[in-house]
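One structure below.
The values are calculated or read from the model by the stated rules, or taken from the named source; none is laboratory data. Since the structure is predicted, the reported quantities are computational estimates derived from the model, not experimental observations. All Cβ positions, even for glycine, are placed from backbone atoms using ideal geometry, and neighbour counts span all protein chains on display. Accessible surface areas use protein heavy atoms only, side chains included; no ligands, DNA or RNA. Shrake-Rupley method; radii C 1.70, N 1.55, O 1.52, S 1.80 Å.
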Amino acid sequence: VQLQASGGGLVQAGGSLRLSCARSGNIFRIHNMGWYRQIPGEQRELVATITSSGSTNYADSVEGRFTISRDNSKNTVYLQMDSLKPEDTAVYYCRLAVLKSVYWGQGTQVTVSS
């Protein structure tokens, strides 16, 4: 299983970005996917998760601004980020959890300027 994240970049505060995470390889159909982020020197933190049935969960800091979604036909999970703030600046990682295994994609940098 491989995860390919894309969509990061530089944006002004108040702007929007959409991250994508494309999965390759076969997995058990019941699995959870999510986005996490990490600032240098700090622990990786949860941003949002989505189950295979579509249930979502968000960190308090992004609730109402970010939306996680998935397109099972494309094996892709998205993170729509609106009303971005400078404190959203981080490297964003997608994560897949299936049975007892966890897979991470490579990070994509999101930088929000004030």
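Looking across the range 75-114, just one residue is of a type in the set (Lys, Arg) and part of a strand (DSSP E or B), and that is Arg95.
Here the range 24-69 is the region considered, the condition is being among the basic types (Lys, Arg) and touching a Ser or Thr at 6+ places or on another chain (Cβ under 7 Å), and the residue that is least open to solvent (accessible area, probe 1.4 Å) is Arg65. Within the range 43-74, restricting attention to residues that are small (Gly, Ala, Ser) and assigned to a strand (DSSP E or B), the residue that is nearest to Gln12 (Cα to Cα) is Ala48.
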